[in-house]
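Notes follow once the structure below has been shown.
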Amino acid sequence: MAGSKFLLDTNAIIALQRGDEALKKLLIVATDVFLPVVAIGELYYGAYKSGRVEANRQNVTAYIVNRFILDVDANTADVFGQVKQGLRAKGRPIPENDIWIAAIAIQYDLTLITDDAHFAEVDNLRSQRW
């Protein structure tokens, strides 16, 4: 896996923040690690619904400083449409935010690091569980 380029799903980011050793070990071999803006939104949502809003919001803000963040654009939207239609055709829907995250990974040819098995339903997506 040396030279791999990874996109982290929300659950991978949370696991890293909690010090998950297996995930840290996996990421050592990466040449690049990216965060999808959609996952950052999910992290902020988690902060705002928590009992410690300001502290958790500051933790998210501090975590994303100096990280490579991938945004969505018109090309991502096109991939999103393809992925969502493919899942609909199979009768295997997944959460909307996860479709956006998958679309970013496909668009930039990245391996998605996630603990969610449902990403296996997405055609043309490389995903890996740690």
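The values are calculated or read from the model by the stated rules, or taken from the named source; none is laboratory data. In this text the structure is predicted, and so the values were computed from the model without any measurement. No Cβ is skipped: glycine too gets one built from the backbone with ideal geometry, and neighbour counts run over all protein chains shown.
A compact table of results
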{"read-out": "Residue match in region 96-103 (condition: more than 19 Å from Asp73 (Cα to Cα) and at pLDDT 95 or above)", "value": "no"}
{"read-out": "Criterion: under 18 Å from the mean Cα position of the chain (by Cα) and free of Cβ contacts under 8 Å to residues at least 40 places away in the same chain - qualifying residue of Gly51, Gly19", "value": "Gly19"}
{"read-out": "Long-range neighbours under 8 Å by Cβ, at least six apart or interchain, first residue at pLDDT 95 or above within region 61-78, second in a loop (DSSP other than H, G, I, E, B) and of a type outside the set (Lys, Arg)", "value": "Leu70/Tyr108"}
{"read-out": "Failed item in (1) outside any strand (DSSP E or B); (2) surrounded by fewer than 19 Cβ atoms within 10 Å (Cβ to Cβ); (3) touching a Gly at 6+ places or on another chain (Cβ under 9 Å), with Thr31 passing the rest", "value": "(1)"}
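Residues checked against (1) assigned to a helix (DSSP H, G or I); (2) surrounded by 15 or more Cβ atoms within 10 Å (Cβ to Cβ); (3) out of contact with any strand residue (DSSP E or B) (no Cβ under 8 Å at 6 or more places or on another chain); (4) of a type in the set (Val, Ile, Thr):
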{"residue": "Gly41", "(1), (2), (3), (4)": "yes, no, yes, no"}
{"residue": "Ala62", "(1), (2), (3), (4)": "yes, no, yes, no"}
{"residue": "Lys84", "(1), (2), (3), (4)": "yes, yes, yes, no"}
{"residue": "Pro93", "(1), (2), (3), (4)": "no, no, yes, no"}
{"residue": "Asn97", "(1), (2), (3), (4)": "yes, yes, yes, no"}
